[in-house]
Amino acid sequence: MNLPPADSTTAARLVCPDKETARRIADMLDEMLDGDDVACASFEADDGSWQVALHFGHVPDEAGLRELVGRIAGPQAAAALTIETVETRDWVAESLAGLTPVRAGRFVVHGSHDRGRLKGNDLNIEIEAALAFGTGHHGTTRGCLMALDRLAKRKRRFRVLDIGTGTGVLAIAAAKIFHTRAVATDIDRIAVSATRDNARLNRVPGFMTEVHAPGTRAPDIQKAAPYDLIFANILLGPLTRLAKPISRLVAPHGRVVLSGLLPSHANAARSIYAAQGLALERRRDLEGWTTLVLKRGR
C-alpha cells in the first residue's frame, strides 16, 4: 500500500432521518455527479444512523454542492452537510523493516535477516521494504494475504491485479501460490522499483508485470483484463474513486479484495462497490483494520 503523502480526498457527509431518505438522496446525487473521481453511497453507520457519503478526487465547489443537496433534500440538509479534506497518512514514515517474520495463513513474510528461521513447507516471501510500504506486518496486508490463502484453496488459477502494490508482497504471493502472471501497479516509482527487486529476490520475475501508473488505465493493465482477483490495499478515498474502473476489470465470478479501511469506513466502501455489482462475500477485522472480499455476479 503506497500513496504519496501529499495525496488527499475530499469527503462530504450527510446524516439522514431513515434508510429510505438516505438511499433516495444518494441515488439522485450519484446520477447528477457521475464521474470516475466521484463516489456516492448510502450506508448504516456504527451508531445506527443512516448517512450519505460523497468522496471526490478533486476539490468540489462547496457552494454548488450545497445548492445541489438543497434542491434534492431541502435547505436544512444543505446546511447540515459536512465537508472535509482527509490527508493520506505517510506510510513511508511508518517503516516496518526489521520486524520478526509474520504468518498469514500459509504465507510467511520475512526480511533477509530471518532466512535461517524459516520452514521449508511454508510459502516464504522475502521482502525488503526500502522506501515502499507493505511488509506483511500491517493488519491491512495480513488481511489481504489471509484472503488470498483462503481463495487459493479452491485449486484454480487466478489472473491477478494488485493496485497500490507497495513492495509487491501481494502480487508476489499470488504468483507463488497460483504460478500465474500477476500485474502489480503503483503510482509511486519507488514502489514499482521495490516490487521489481522483490520479484527477483523471490524468483518470480517471469510471473510479474510491474506498472507505474495512476489508476487503472495503463495499457499493460487493460490488456491483461479481465481479472479473476483484484487487490486494492489503499485507503477509502482512492478506493471510492476507483470503484467504477475496478468493476470494469473484474471477470464474471471474480473477486475484489479491498483493504486499507478503518472499520467505520467498511460499510461505505461496501455500499459503493455493491452499486457496481460487487457483493460482499467475507469481512475480516484485524488489528484495527478491515478487509472486504467482494464477488462479481455472472
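Some points to look at:
- Long-range neighbours under 7 Å by Cβ, at least six apart or interchain, first residue of a type in the set (D, E) within the stretch 26-55, second modelled with pLDDT under 80: D30/C40; D37/G57; D37/H58
- For L201, the test of being out of contact with any Ser or Thr (no Cβ under 6 Å at 6 or more places or on another chain), modelled with pLDDT under 95 and more than 23 Å from A147 (Cα to Cα) is passed.
- Screening V92 on (1) at pLDDT below 80; (2) touching a Gly at 6+ places or on another chain (Cβ under 6 Å) shows it passes everything except condition (2).
- Verdict on Y273 being more than 16 Å from L170 (Cα to Cα) and among the aromatic types (F, W, Y): yes
- Single residue of the stretch 248-260 satisfying the filter (at pLDDT 90 or above and under 10 Å from the mean Cα position of the chain (by Cα)) that is farthest from W289 (Cα to Cα): V256
- Single residue of the stretch 213-225 satisfying the filter (closer than 16 Å to P238 by Cβ and not hydrophobic (A, V, I, L, M, F, W, C)) that is surrounded by the most Cβ atoms within 10 Å (Cβ to Cβ): T216
- Residue satisfying all of: in the stretch 265-298; among the polar types (S, T, N, Q) and closer than 23 Å to A251 by Cβ; surrounded by the fewest Cβ atoms within 10 Å (Cβ to Cβ) among these: Q276
- Taken as a whole, the condition of being surrounded by 15 or more Cβ atoms within 10 Å (Cβ to Cβ), at pLDDT below 85 and either within 25 Å of A174 (Cβ to Cβ) or in contact with a helix residue (DSSP H, G or I) (Cβ under 9 Å, 6 or more places away or on another chain) (or both) does not apply to L65.
- Residues that are in contact (Cβ under 8 Å) with a residue 60 or more places away in the chain, part of a helix (DSSP H, G or I) and either out of contact with any Cys (no Cβ under 7 Å at 6 or more places or on another chain) or among the small types (G, A, S) (or both) within the stretch 151-184 comprise L151, V169, A171, A173, I177, listed in sequence order.
- Taking the stretch 191-218 as the range and being within 17 Å of the chain's Cα centre (by Cα), aliphatic (A, V, I, L, M) and assigned to a loop (DSSP other than H, G, I, E, B) as the test, only A213 passes.
The values are calculated or read from the model by the stated rules, or taken from the named source; none is laboratory data. Note that the structure is a prediction, hence the values are computed from the model and not measured. When we count neighbours, we look across all protein chains shown, and the Cβ atoms used for this are built from the backbone with ideal geometry, even at glycine.
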